[in-house]
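Asker: Dropping a structure here in structure tokens format, bear with me for questions.
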2 protein chains.
Amino acid sequence: MRATVMYRAGDVRLEEVPDPQLQTGRDAIVRVVAACVCGSDLWGYRGIAPTDRPRRMGHEFVGIVESAGADVARVQVGDFVIGAFYDCDYTCEVCRSGFSSSCLELGWYDGCQAELVRVPHADGSLAVVPADRLSDELVPHLLTLSDVFGTGHHAAHVAHVGEGSQVAVVGDGAVGLSAILAAHRLGASRIVAMSRNPQRQQLAREFGATDIVEQRGAEGAAVVKELFHGIGPDAVLEAVGTAESMEQAVRSVRPGGVIGYVGVPHGGPELPLRPLFSNNTVLAGGVAPVRNYIDDLLPDVLSGAVEPGRVFDLELPLGEIAEAYRAMDERRAIKVLVRP
Amino acid sequence: MRATVMYRAGDVRLEEVPDPQLQTGRDAIVRVVAACVCGSDLWGYRGIAPTDRPRRMGHEFVGIVESAGADVARVQVGDFVIGAFYDCDYTCEVCRSGFSSSCLELGWYDGCQAELVRVPHADGSLAVVPADRLSDELVPHLLTLSDVFGTGHHAAHVAHVGEGSQVAVVGDGAVGLSAILAAHRLGASRIVAMSRNPQRQQLAREFGATDIVEQRGAEGAAVVKELFHGIGPDAVLEAVGTAESMEQAVRSVRPGGVIGYVGVPHGGPELPLRPLFSNNTVLAGGVAPVRNYIDDLLPDVLSGAVEPGRVFDLELPLGEIAEAYRAMDERRAIKVLVRP
């Protein structure tokens with residue numbers, strides 16, 4: 001089959017590799033219908049994270065179950081499934097407590113920017129979409145449940161966003177935009193999007209943002225605070241993962257407010273504790289347990305109540321995966337969907 | 001009057017200084033009945049925090065209102081009052097939202113290890129104790145509402161400790177012990193105290209600890225996790241403020257659990273974000289809004305349902321303030337109460 005391999009910064013190739021095989025009774029092989037490039041894939045592509053040896057890429061996918069091991073009970077061959085971006089058993093105490101992204105048997109796929117992907121805990125990691133509700137138009141929206149919409153929802157959920165919440169969102173990438181949509185879905189009454197990009201500002205507004213702030217740094221924080229009685233919003237959703245974006249969040253949130261952070265920490269893994277302590281800022285977030293969220297979010301996707309797949313503004317065949325990375329890297333696209 | 005002045009590390013003196021005077025209509029002068037030495041006072045005493053110039057010491061007190069400005073309405077001359085360890089108006093939006101320790105008019109006293117102290121926002125910072133409920137035996141317990149018991153309560157409160165919670169407490173100083181008592185009061189079913197000191201272990205048990213762990217570091221964290229199904233407790237209350245104690249908390253808490261931290265960050269203000277992100281650890285806490293908690297905690301102190309003043313294991317006259325610091329510094333005392 002064909003699969004995506006990153007060799008080094010800026011060097012992503014589609015290559016012929018052996019088809020994955022069932023290895024245990026709990027495995028399934030899924031034929032990928034759609035996958036995508038993640039903002040976190042760009043850390044390696046940009047050389048910010050090292051790529052010591054060639055590695056297979058991709059962790060977000062929807063597809064059709066091609067074969068399944070003898071112990072797979074819930075998922076059937078032929079099912080259309082959404083894969084959480086990590087592999088989990090979804091039965092252990094940690095999964096049941098809501099944190100499947102810290103599953104006691106947590107694992108990662110070999111890469112699903114490919115034609116086929118092996119899923120070690122098929123009954124855990126895969127959510128089945130009812131066949132009678134499927135349509136091709138839904139594919140992009142369903143694909144976001146694999147990562148970005150669930151991750152945006154996580155930021156809002158851990159920050160206790162609900163009816164009437166006052167929110168600011170740092171980051172206008174696919175996750176930041178998803179966080180806006182999630183906050184809107186949860187009832188936030190005011191949502192400030194921090195963005196300088198007209199196209200992303202537009203989608204932010206369509207997803208529910210009530211205000212746009214273009215300034216950054218201390219100036220941006222001051223503008224955000226001013227929009228909320230000079231005190232700041234209840235919640236800041238951080239969806240970038242740099243020291244700068246986290247500092248933006250820390251400076252903006254009100255005393256006793258919550259930062260819901262889902263940007264993979266990068267380029268600034270150390271967090272100054274003093275300003276958090278002085279301000280009683282709650283820091284919540286981490287690797288989003290998207291598998292736990294699918295049951296909650298899927299109905300609204302199937303009904304069309306939310307259209308999170310609008311973050312995909314470019315679709316390419318898998319054969320053009322290198323261009324998909326380039327388009328994301330150069331910020332020509334918010335998020336790229338690829339179809340094998 | 002006599003007041004405590006820190007000149008440099010290890011050099012604390014009781015000196016004659018001018019009596020404080022009313023400066024605005026909102027001021028009151030309080031005659032101190034009891035004050036105490038705080039763990040945070042030791043940072044300067046030990047030279048870990050610099051003392052660039054002589055400074056007046058003390059921020060926890062109970063006393064009797066001696067005089068009040070023309071605009072003071074709620075507090076009366078002759079009232080027995082508990083002073084929050086900071087000065088707040090208790091009317092601004094931030095105070096009303098529960099975070100008076102970030103009051104928009106936040107200030108600090110000149111030092112109450114003294115005979116008299118001026119309180120700039122008397123109607124805000126001072127809580128009146130009903131005269132008919134007062135007794136001399138209650139003084140130590142009431143004094144803890146000025147800081148340590150409220151601070152321990154804050155750690156438990158922000159960590160959502162409630163009925164059936166599983167808790168570990170890092171730190172066996174007065175705040176850590178207060179956090180144990182607060183967690184017990186809130187209904188925690190299991191409370192692990194991390195302590196090596198037999199006397200403190202004993203008080204921890206009497207305050208509600210169900211288990212004692214003497215190990216520290218990675219070993220201590222492993223033992224704590226083992227006590228909670230190998231996964232860790234719902235909440236870890238951190239009451240020290242060093243990099244080591246925070247690391248202890250980070251290593252011990254379950255995925256998705258909360259660290260309620262109230263130790264003033266010191267010696268390790270930078271927090272590694274990666275382990276928090278991987279584990280979905282919520283970090284909550286900061287400068288405890290003790291003024292907000294007094295209404296909730298005072299009835300249980302007046303009724304004797306809790307006896308937080310048992311953290312005072314040494315009482316000295318103000319004249320022996322230098323010995324009070326020494327006893328705390330050498331860990332001969334958990335916490336020292338001084339009476340002018």
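The values are calculated or read from the model by the stated rules, or taken from the named source; none is laboratory data. For clarity, every value in this text was computed on a predicted model and none was experimentally measured. Glycine gets a Cβ as well: all are built from the backbone with ideal geometry, and neighbour counts include every protein chain shown. Surface areas here come from the heavy atoms of the whole protein model, side chains and all, with no ligands, DNA or RNA. Shrake-Rupley method; radii C 1.70, N 1.55, O 1.52, S 1.80 Å.
Asker: Using helices alone, I'd like the mean residue ellipticity at 222 nm for chain A: each DSSP H run of four-plus residues gives -39500 (n - 2.57), total over residue count, nearest 500. Before the final figure, lay out each step's value.
Answerer: Numbers: 12 runs with 102 residues, N = 340.
When only DSSP H runs of four or more count, the value is -8500 deg cm²/dmol.
Asker: How crowded by other chains is A:30-38, given as the mean number of beta carbons from other chains within 10 Å of each beta carbon? Walk me through the numbers on the way to the answer.
Answerer: Values: counts 0, 0, 0, 0, 0, 0, 0, 0, 0.
Averaged over the peptide's residues, the number is 0.
Asker: Same structure again: Calculate the tail of P(r) for the stretch B:152-285: the fraction of all Cα-Cα distances greater than 25 Å, expressed in %.
Answerer: 11 percent
Asker: In peptide B:104-111, what is the residue-averaged number of other protein chain Cβ atoms found within 10 Å of each Cβ? Walk me through the intermediate numbers first.
Answerer: Values: counts 3, 0, 2, 0, 0, 0, 0, 0.
Partner Cβ neighbours, averaged per residue: 1.
Asker: How high is the relative contact order of chain B, given as a whole-number percent (alpha carbon pairs under 8 Å, six or more residues apart)?
Answerer: Normalised by residue count, the contact order of chain B is 18 percent.
Asker: Distances from A:Gly230 to the same residue in each other copy, label points 7 Å out along Cα→Cβ, in nm, shortest first?
Answerer: Here the equivalent label points are 5.6 nm apart from this one.
Asker: In Å³ and rounded to a whole number, note down the convex hull volume per residue for the Cα atoms of the stretch A:219-340. Don't jump to the answer; show the numbers that get you there.
Answerer: Working: hull volume 19.4 nm³, N = 122.
Cα convex hull per residue, to the nearest whole number: 159 Å³.
Asker: Within 10 Å of each Cβ in peptide B:278-291, how many partner chain Cβ atoms are there on average? Round it to a whole number, please. Walk me through the numbers on the way to the answer.
Answerer: Working: counts 6, 5, 13, 5, 8, 10, 8, 7, 12, 5, 1, 3, 0, 0.
Mean partner-chain Cβ count within 10 Å for B:278-291: 6.
Asker: Take every Cα-Cα distance within chain A, group them into 10 Å bins from 0 onward, and report for each bin the whole-number percent of pairs it holds.
Answerer: 6, 27, 34, 24, 9, 1, 0
Asker: Between the stretch B:246-283 and the stretch A:151-189, what is the separation of their alpha carbon centroids in Å?
Answerer: Their Cα centres are 24 Å away from one another.
Asker: I need the Kirkwood Rh of the stretch B:259-329: take the reciprocal of the average 1/r across all distinct C-alpha pairs and report it in angstrom. Walk me through the numbers on the way to the answer.
Answerer: Details: mean 1/r = 0.0615 Å⁻¹.
Hydrodynamic radius (Kirkwood, Cα pairs) of the stretch B:259-329 is 16.3 Å.
Asker: Put B:Arg339, B:Arg56 in order of accessible area, largest first, 1.4 Å probe: what do you get? Can you show the working numbers first?
Answerer: Working: B:Arg339 55, B:Arg56 75 Å².
From most exposed to least exposed: B:Arg56, B:Arg339.
Asker: To continue, here is another question. Listed highest first by mean packing, meaning other Cβ atoms within 10 Å per residue, what order do A:151-160, A:11-20 come in? Numbers along the way, then the final one.
Answerer: Working: A:151-160: 27.4, A:11-20: 14.8.
Final packing ranking: A:151-160, A:11-20.
Asker: Still on this structure, please answer the following. Leaving out ligands, DNA and RNA but keeping every protein chain, what accessible area does A:Arg31 have, in Å² rounded to the nearest 10, with a 1.4 Å probe?
Answerer: 100 Å²
Asker: Over the Cα atoms of the protein assembly as shown, compute the convex hull volume and normalise it per residue, giving Å³.
Answerer: Once divided by residue count, the hull of the protein assembly as shown is 156 Å³.
Asker: Report, please, the projected area of the stretch B:7-163 averaged over directions, based on the convex hull of its C-alpha atoms, in nm².
Answerer: Values: hull surface 44.2 nm².
Projected area, direction-averaged: 11.0 nm².
Asker: I would also like to ask the following. Starting from the Cα gyration tensor of the stretch A:217-285, take the square roots of the eigenvalues, sort them a ≥ b ≥ c, and report rounded, prolate or oblate (rounded when a/c is under 1.5, otherwise prolate if a/b is larger than b/c, else oblate).
Answerer: Values: a/c = 1.71, a/b = 1.45, b/c = 1.18.
Verdict is prolate for the stretch A:217-285.
Asker: Which of the peptides A:100-112, A:72-84, B:219-231, A:275-287 is most tightly packed, and how do the rest follow, judged by the mean count of other Cβ atoms within 10 Å per residue? Working shown, then result.
Answerer: Values: A:100-112: 20.6, A:72-84: 19.1, B:219-231: 17.1, A:275-287: 22.8.
Order by mean packing, descending: A:275-287, A:100-112, A:72-84, B:219-231.
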